């Protein structure tokens, strides 16, 4: 067992309540949703394409559907079987592009394995950038780089909202982003840079990753490995943002992460599995502030999806009248 | 006078000959140009829009025109007066988009001051991404982020070519990019990241910039300030890429940068001005390798513009037949 374990220290970090910030964002969206509905005779609408039977995807989509409906958005889920053809998915996207009552389109990743990678890319690229509420279309990614995004990826823009609303300064600080995915790492780095952080992007090939991460006044962990970021990665007092949502099934792994005798290990024993971030719980003993998992970045991602949907609806209606 | 001056040490850095690498790139383009010309009955064509009378722009365009012509590309320069309307420039771009014999479009920056910033942005955005040989269109920038660019910005992709051909490893090294412009800093960081460097992006708000830069195994200076990067920024043996092209007019500044008694100061005395990079010449005494200015990154930028033009021509012809 390394030093990065739960019993090594008492939590001191301020816990950043992502759920509360997400609730605040969602409540701010309500008047926008209502104003849109009054003006256009219908609420903003989000269409989600869900192909196949990946259990995690079904949970994510259900959460998005519920949150959207609660916000007053019309959410339509298009459920397609796991043997659907790439052509059929693409045709659906093209239809949704043409549908003037559709404001936002989200094709849930991953698409079924039967759809080749290039065809999957074609499907994502086919989404009208003005309806691309995930912010993954190349045109929206390019606008993000150029500091003029209207629809930015939900997770990193949720992190920026959290930092801003929690009055954590960004400008002039050194932010370290661990992970370089298209959907989190890279856009996160660009958004932090836009807010005048000095930004370092690390990944699997980074040499002496703990030492590099330890320079961060802000550390964003987006690697997808449970408990990967331990105390030795973190400068005392740093702000740590945990983007990971990892399922832990093994008891040994759970004890290594949560610590013997911890409440979270007891919860694990009851359920037989647990959700764990990329950050080891012991980091709470050294960080200045920390997002929990669950209840941190996850709810923010969904809140920003709703915000993007309303923004897309407003922007499109300002063009089409 | 700071320690970062020419007389402080003897040059030891290997000088990276950008001109020679650019010549090699250009010679590799010849068979592609010829094959295209044979197949299509005309050479690839580049159209440059030059509005106004900025002297530096006129020099840049002349250099691009000459290099293109030497490579066998048809280069057409559209010279517009400094009081041209934004609409007229935009109309020209739209015409060039439609012109099937036009393969590449470059609108030289900056556009005249009489064209408002938003209108200038509209002009650049109007360029068909498949003809965008500068690689500045949001769609091309987004594809770059996603690691699937066909047309990448010329200066940073030229730097990658230089590093590759000079057999300087990138993967796993720490690269520090000083400057975060759309045309150099950001795409440079993304291209280095794609080649598996750990990347730090610094800028004017970075705290203790010399200490951050000194971590770099590779340092790319793109700040636009003559001699800004001094010895204290550089780890002994680091590879230093100087993207700056700055005009030095004052004798005092020239002596501070080039050093009393230096050949370059003597040249300055003769001409009354000199071109100087962002890197202080004294860095040659500590760096492991260094690009000179002139003769470093500048020729590579032009070579990559020609390469993009041919790539655009080939890609479009593979679609249109």
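Values in this text are rule-based calculations from the coordinates and carry no lab data. This structure is a prediction, so every number in the text was calculated from the model and none was measured. Cβ: placed from backbone, ideal geometry, glycine included. Neighbour counts: every protein chain shown.
Details
- Euclidean distance of C-alpha centroids, region A:172-194 and region B:218-268, integer Å: 31
- The mean number of Cβ atoms from other chains found within 10 Å of a Cβ in peptide B:202-208 is 5, as a whole number.
- Compactness of region A:40-130 was expressed as the Cα radius of gyration divided by 2.2 N^0.38 Å, which yields 1.07.
- Using a 7 Å projection from Cα along Cα-to-Cβ, the label point at residue B:165 is separated from the same position in the remaining copies by 5.2 nm, smallest value first.
- Starting from the label point of residue B:211 at 7 Å along Cα→Cβ, the same points in the other copies fall at 1.6 nm, in ascending order.
- Partner shielding of A:146-152 amounts to 2, given as the average count of beta-carbon atoms from other chains within 10 Å of each residue beta-carbon.
- Over region A:40-130, relative contact order from alpha-carbon pairs under 8 Å, at least 6 apart, %: 39
- Based on Cα atoms of region A:16-63, Rg over Rh with Rh as the Kirkwood radius reads 1.12.
- For the residues A:84, A:223, A:240, a GNM of chain A with alpha-carbon springs under 10 Å puts the largest fluctuation on A:84.
- Shape of region B:203-321 from the C-alpha gyration tensor: oblate (a/c of 1.5 or more and a/b not above b/c, with a ≥ b ≥ c the square roots of its eigenvalues).
- Evaluated on region B:66-217, the Kirkwood hydrodynamic radius is 17.5 Å, with distances taken between all distinct Cα atoms.
- Note: relative contact order over chain A, using C-alpha pairs below 8 Å and six or more positions apart, is 25 percent.
- nm² value of the averaged projected area, convex hull over the Cα atoms of the protein assembly as shown: 31.2
- Value of relative contact order over region A:92-245, rounded to a whole percent, pairs C-alpha under 8 Å and six or more apart: 16
- Along its three principal directions, the equivalent ellipsoid of region B:171-260 from the Cα gyration tensor extends over semi-axes of 24, 14, 11 Å, largest first.
- Antiparallel content of DSSP bridges confined to chain A, in %, to 5: 10
- Number of partner chain Cβ atoms within 10 Å, mean per residue of A:180-186: 3
- Prolate/oblate/rounded label for chain A (Cα gyration tensor, a/c 1.5): prolate
- Highest mean first, the peptides B:104-117, B:59-72 sorted by other C-beta atoms within 10 Å per residue fall in the order B:104-117, B:59-72.
- Each copy carries residue A:315; placing its label point 7 Å along the C-beta direction from Cα gives inter-copy distances of 2.3 nm, listed from smallest up.
- Among beta bridges identified by DSSP and lying wholly in the protein assembly as shown, the antiparallel ones come to about 15 percent.
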